[in-house]
């Protein structure tokens with residue numbers, strides 16, 4: 001009976017973790033480039049009892065591309081990530097909501113520098129027409145000033161979320177071989193791949209499972225109280 005209570009209690013913890021994950025997804029349903037968080041559980045059998053192992057993951061499926069016409073907004077149609085330089089090192093993102101810094105560098109909305117093949121991309125003074133072609137070449141007034149560094153990975157499970165729709169990754173996860181299958185879409189942004197409807201369905205289902213586990217614990221607790229009461233009579 002004690003084992004049953006412990007297993008049901010671990011189930012409550014698991015369902016609480018699922019609820020937190022769903023809440024995080026819903027909170028970022030409108031965040032550009034956000035990738036859905038996933039969570040799963042596996043029961044581990046051991047000599048000391050049954051435990052639940054928690055597994056976290058990221059759904060890297062692509063979101064929809066939405067046009068807004070902003071010259072420095074970009075989306076990747078296909079595989080790969082924009083490469084940005086932050087205070088904490090190299091990061092990778094599908095969030096192409098870029099802007100100009102005071103030094104005319106292309107940066108993210110958090111100030112990270114957007115990298116080209118030769119380093120940060122700086123636009124010349126004086127303005128002019130900015131064109132980013134499908135392969136990421138940045139042209140100002142007909143002159144190429146840089147090419148976006150689009151990074152691919154051989155194993156997306158090695159990417160670690162670092163906030164603001166960015167990921168960190170070890171160097172050995174970077175895939176430098178083969179043809180990169182992508183197009184850069186200027187004036188577009190990639191939406192989150194979170195489906196609010198599906199998340200709400202999952203939330204309702206998860207809450208029912210939580211309530212069921214809670215009822216199991218209550219049933220076991222009531223039985224134990226009766227047994228103790230009967231033994232004391």
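Only the coordinates and a few stated rules stand behind these numbers; no lab work does. The model shown is predicted, which means the values in this text are computed figures rather than measured ones. Here Cβ is always computed from backbone atoms with ideal geometry, including for glycine, and neighbour counts include all displayed protein chains.
At-a-glance table
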item: Sorted peptide list for 96-108, 117-129, 192-204, criterion being average Cβ within 10 angstrom, highest first; result: 96-108, 192-204, 117-129
item: Burial ordering of 93, 162, fewest other beta-carbon atoms within 10 Å first; result: 162, 93
item: Rg and Dmax [Cα atoms of the stretch 65-190; Å; Rg one decimal, Dmax integer]; result: 13.9, 43
item: Cβ-based exposure ranking for 24, 208, in which fewest neighbours within 10 Å come first; result: 208, 24
